[in-house]
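The values are calculated or read from the model by the stated rules, or taken from the named source; none is laboratory data. Here the structure is a predicted model, which means the values were calculated and not measured. Glycine also receives a Cβ, built like all others from the backbone with ideal geometry; neighbour counts cover every protein chain displayed.
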Amino acid sequence: MLLGAALGAALLLAGSCHALQSVNRVGRYLYGADDGKRFYVKGISYQEQGLITGNDPTSFPEPGDFIDPLADSAGCQRDLPYLQQLGVNTIRVYSVNSSLNHDTCMSLLSKAGIYTIIDLSLPVNGSLDRVSPSWTTNLLNLYVETIEAFSKYDNVLAYNVGNEVAISNLTTVVGPFIKAAARDVKGTAYVALGLLLIKLGIFTLAYLKSKKFPQLVGYASVDAPDIWRLPFAQFLSCDNEATSIDIYGLNNYEWCGDSNFQAAYVGTENAFKTYNIPAYFSEFGCVKSPPRLWTEVQALFGPQMIDVWSGGLAFSYFPAFGGFGMVNISSDAKTVIVSDDFNRLKSQYALVNFTDNPTKSNAGTTNYSQCPAETPNFLASTKLPDTPNTNLCDCVLKSFSCLFTPQTPNYTYIVGDLLNYGCSQLGSLGGSCDTIASNGETGVYGSLAECDPTIKLSYVLSSYYEAYNRTPQSCNFSGNATINPSAPPTRTDAVKAAQSCLTATPASTFTPSSVPLPQPPGASTSSSISTSTRKGGATNNRVGLAGSEGIIGLGAFTLTSIIAGVWILL
């Protein structure tokens with residue numbers, strides 16, 4: 001009786017927090033779980049822009065920080081009436097802080113019938129890197145923490161595992177990492193959904209995994225030429241459900257000024273005519289021919305496009321880089337000043353009527369086709385990286401003899417440069433960084449490619465230290481490294497300890513690689529340090545690039561002689 005009462009109370013608690021119906025994917029469309037009606041995203045991007053750093057090596061500007069709008073209770077209360085004036089049913093938020101409280105904002109939005117699409121990535125080091133992509137323990141943990149923080153809310157429509165990570169045909173090598181992120185987020189989301197019930201000890205993990213996770217997992221793509229945009233989209237939804245995204249977003253700005261469907265959208269419409277999963281415009285609203293008339297709204301939600309697209313999100317509520325934005329906020333953060341842009345979108349959104357076609361019973365099922373083959377314009381391997389294993393990485397770290405211990409708490413900005421420099425120097429010794437490398441084109445991933453960048457750096461620093469026969473001064477790096485007093489006593493012992501971690505630590509898709517003994521300089525059969533070599537010779541991975549100008553924190557460190565072999569873990 002007590003167990004039954006506890007179970008009933010838990011279910012009542014879970015149910016009482018949910019007012020909005022979940023939105024499910026059926027075939028290539030979205031439907032309300034309760035009313036069975038077709039669901040369209042009619043929304044707006046909702047996030048103040050962080051500071052643009054302007055130092056992205058791809059010349060693709062990214063913010064260096066962010067403001068979590070869903071943690072700003074006063075801001076949500078201020079903005080909600082204006083979101084309601086627009087008549088939106090969805091907002092998109094690009095970065096959130098899982099450690100903050102979002103109850104007030106999420107509750108207000110839920111009561112207003114507004115869903116959220118939440119991007120899981122964070123600026124700088126909290127997202128998949130288009131220059132040196134890898135899928136690592138720190139990213140997986142970050143994504144899962146966000147899902148756990150938002151799992152209690154009924155108005156999360158979807159989680160995006162990435163936004164515009166691939167921006168050219170050369171960067172399509174990020175595809176395997178996006179799919180791996182989707183695979184692992186979908187696998188862990190079951191746990192996040194039932195976090196409360198797990199803590200109460202009522203349901204087992206096996207039970208939770210047997211239930212369908214209601215939130216969708218998606219990706220938002222940059223608009224680009226079809227020669228790579230289309231196979232990339234097909235790649236993200238190919239093969240099977242477990243490794244595919246559930247919903248595809250396209251940031252589309254083709255309709256500018258007083259345009260029309262034939263001039264702006266017909267090409268994109270035809271390109272995605274047979275796409276197999278729900279698709280929507282994750283951003284729209286060109287500013288090249290002001291004023292923005294928003295007449296594309298009637299096309300996007302009209303009969304010409306609803307067979308393929310499930311609505312879209314106007315960009316953006318707040319001012320953003322490039323001249324976007326529909327409101328301004330007063331200096332005291334209390335008053336909203338709307339623009340003509342806002343009023344025109346409001347008028348266009350008011351004209352939208354959702355068409356329940358096809359009906360849920362006629363939507364069919366999702367068909368997963370064979371993944372597209374690699375071409376010179378599409379470079380993604382179908383071999384995905386393993387699920388990152390924190391236990392494995394922590395275990396191997398204990399075998400390292402020289403550990404990264406940065407002098408500054410803001411060390412994330414120097415890790416990439418340190419890896420860059422260290423790997424170039426290992427290459428000059430006849431060594432390699434293949435152990436920590438990821439190559440999305442060939443589908444080859446090193447034994448430690450899944451580890452946190454700081455653990456990868458400790459591997460590189462230890463390789464230097466071992467090359468100097470563990471002389472104390474060779475593990476300093478201008479104060480950024482410390483000798484590990486608990487490390488195995490010799491290089492041979494360290495390699496054996498690392499091997500035991502690789503072979504003993506369980507992982508669902510992990511296959512350990514061999515760990516050869518250290519080789520003397522010049523004896524290595526591979527001196528390549530590139531971790532993501534593109535066709536045509538362009539190498540774009542920080543881990544594998546040579547550091548020609550030195551790096552922060554290593555000015556005092558030089559290689560003057562080699563006493564012993566480089567410790568190489570392959």
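Restricting attention to region 29-48, report how many residues are surrounded by fewer than 20 Cβ atoms within 10 Å (Cβ to Cβ) and part of a loop (DSSP other than H, G, I, E, B).
First pass over region 29-48, keeping only residues surrounded by fewer than 20 Cβ atoms within 10 Å (Cβ to Cβ): 32-37, 48.
Then drop every residue that is not part of a loop (DSSP other than H, G, I, E, B), which leaves 33-37, 48.
Adding up the residues that qualify gives 6.
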Among residues of region 274-292 being small (G, A, S) and assigned to a loop (DSSP other than H, G, I, E, B), the residue farthest from E241 (Cα to Cα) is S289
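If you check A333, A314, A320, which single one turns out to be within 24 Å of Y265 (Cβ to Cβ), aliphatic (A, V, I, L, M) and surrounded by fewer than 21 Cβ atoms within 10 Å (Cβ to Cβ)?
Numbers: A333 fails: within 24 Å of Y265 (Cβ to Cβ); A314 fails: surrounded by fewer than 21 Cβ atoms within 10 Å (Cβ to Cβ).
After ruling out the rest, the residue left standing is A320.
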Does any residue of region 122-132 turn out to be at pLDDT 95 or above and in contact with a Ser or Thr (Cβ under 9 Å, 6 or more places away or on another chain)? no
Filter region 60-90 down to residues that are at pLDDT below 95 and not aromatic (F, W, Y) and give me whichever is surrounded by the most Cβ atoms within 10 Å (Cβ to Cβ). P63
From the list V88, V173, exactly one residue is closer than 24 Å to L419 by Cα, in contact with a Lys or Arg (Cβ under 9 Å, 6 or more places away or on another chain) and not assigned by TED's automatic domain parsing to the domain that holds T412. Which is it? V173
Checked against (1) outside any loop (DSSP other than H, G, I, E, B); (2) in contact (Cβ under 8 Å) with a residue 60 or more places away in the chain; (3) among the aliphatic types (A, V, I, L, M), I337 satisfies every condition except (2)
Does any residue of region 308-323 turn out to be at pLDDT below 95 and assigned to a strand (DSSP E or B)? yes
The correct count of residues that are over 17 Å from Y219 (Cβ atoms) and in a helix (DSSP H, G or I) in region 147-179 is 4
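Is it true that L100 is out of contact with any strand residue (DSSP E or B) (no Cβ under 9 Å at 6 or more places or on another chain) and either in the same structural domain as A314 (by TED's automatic domain parsing) or hydroxyl-bearing (S, T, Y) (or both)? Walk me through it before giving the result.
Working: out of contact with any strand residue (DSSP E or B) (no Cβ under 9 Å at 6 or more places or on another chain): yes; either in the same structural domain as A314 (by TED's automatic domain parsing) or hydroxyl-bearing (S, T, Y) (or both): yes.
Yes; evaluated as a whole, the condition is true for this residue.
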Looking at (1) of a type outside the set (K, R); (2) over 26 Å from N125 (Cα atoms); (3) modelled with pLDDT of 85 or more, which is the one condition that is false for I455? (2)
When you go through (1) modelled with pLDDT of 95 or more; (2) under 30 Å from Y413 (Cβ atoms) one by one for P57, which number turns out not to apply? (1)
Residue among V131, V88, V144 that alone is under 19 Å from D452 (Cβ atoms), more than 13 Å from the chain's Cα centre (by Cα) and either among the β-branched types (V, I, T) or not in a helix (DSSP H, G or I) (or both): V131
Residue by residue through region 463-491, note down the ones that are closer than 18 Å to T435 by Cβ, buried (at least 19 other Cβ atoms within 10 Å of the Cβ) and more than 36 Å from the chain's Cα centre (by Cα). A467, R491
Across region 352-382, what is the number of residues that are surrounded by 13 or more Cβ atoms within 10 Å (Cβ to Cβ), under 18 Å from P176 (Cβ atoms) and under 24 Å from the mean Cα position of the chain (by Cα)? 10
Of those in region 336-351 that are surrounded by fewer than 17 Cβ atoms within 10 Å (Cβ to Cβ) and among the hydroxyl-bearing types (S, T, Y), the residue nearest to D246 (Cα to Cα) is S347
Look at G257 and say whether it is farther than 26 Å from Y219 by Cβ and either in the same structural domain as D119 (by TED's automatic domain parsing) or part of a helix (DSSP H, G or I) (or both). yes
Residues satisfying the stated conditions in region 408-445, i.e. at pLDDT 85 or above, closer than 18 Å to Y459 by Cα and outside any helix (DSSP H, G or I): S432, C433, A437, S438, Y445
Scan region 110-120 and tell me whether some residue there is outside the structural domain of D417 (by TED's automatic domain parsing), part of a loop (DSSP other than H, G, I, E, B), charged (D, E, K, R) and under 14 Å from the mean Cα position of the chain (by Cα). no
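Would a scan of region 132-144 turn up a residue that is more than 25 Å from I414 (Cα to Cα) and not small (G, A, S)?
As a first pass, look at region 132-144 and keep what is more than 25 Å from I414 (Cα to Cα): 144.
With the extra rule that they be not small (G, A, S), the set shrinks to 144.
For region 132-144, residues more than 25 Å from I414 (Cα to Cα) and not small (G, A, S): present.
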Go through (1) assigned to a helix (DSSP H, G or I); (2) modelled with pLDDT under 95; (3) surrounded by 14 or more Cβ atoms within 10 Å (Cβ to Cβ) and name the single condition G15 misses. (3)
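So if I check each of D258, D246, which one is among the acidic types (D, E) and crowded, with 20+ Cβ neighbours inside 10 Å?
Values: D258 fails: crowded, with 20+ Cβ neighbours inside 10 Å.
After ruling out the rest, the residue left standing is D246.
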